[in-house]
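Note sheet for the following structure.
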Amino acid sequence: MTKEDNHQGKTSHRRFFSFFLPSSESSTEPYLDGKNDISTYVHKRFEETKKYYKKRANQYGRLYIVLQILVIGVGASIPVYNTLFPSNDIANVLPVSSILGALIVVLSGTLGLLKVQEFWILYTTTLDQLEREYELFLHGIGNDYNIEDDKDGKKREKAFIKNLEEIIISKGHRYAALRGPGSSGKGNGGID
């Protein structure tokens, strides 16, 4: 095995497992051209964060559905197999049924261990919260955005940024709680 083959093997494992780990992507890098206005924030932070949550929600959603379909399909195949291949000799039926039963346990365990459904819900609800907050900001709805003495709109913009960052941070805390003890959820400023 060459050095290059070994590197490719390690890289493919990292790529597979990176699906389950916090992302190193960050949208908090310095703004383009030193601009520090609301349109730059919306473009660099909000839109990028929204894309990320949408991508992760779709990934976890698809993974959850595929694993659940496999659990249901394998579970349903056990009685079908036993009916299609009846045998007076229990030793002929037992190995296949046992293997299928073990596969159900592995698939169910994977669903539970990776908390696929919980993360699907977490990413989806966070995405919904982000989009809702943006709509409230755009239309000036709510106490945070209906400010009387805000002539230039700066107070509204600050409230929007504060609220968005709180949503992102709270998601980081919920992520860490789902992962359990030992996970900090800090790898990316609360975004993963």
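What follows is calculated from the coordinates using simple rules that are stated; it is not laboratory data. Just so we're clear, the structure is a prediction, and the values are computed from it rather than from any experiment. Glycine gets a Cβ as well: all are built from the backbone with ideal geometry, and neighbour counts include every protein chain shown.
Here are a few things to note about the model shown:
- Multiplying the residue separation of residue 139 and residue 54 by 0.36 nm and removing their Cα-Cα distance gives an extension gain of 28.3 nm.
- Alpha-carbon centroid distance for the pair the range 116-154 / the range 40-69, whole angstrom: 17
- Gain on full stretching of the segment that runs from residue 154 to residue 106 - 0.36 nm per residue minus C-alpha separation: 11.9 nm
- Each of 145, 159, 175 was placed along the dipole of the range 115-186 (beta-carbon charges, centred on the mean Cα), and the one lying farthest toward the positive end is 175.
- In the structure shown, the pairs 55/154; 115/171; 51/155; 54/151; 51/158; 51/151 are assessed against 24 Å; a Cα-Cα span above that value is assigned to 55/154; 51/155; 54/151; 51/151.
- Contour excess over end-to-end distance, with Cα ends at residue 125 and residue 173 and 0.36 nm allotted per residue: 15.9 nm
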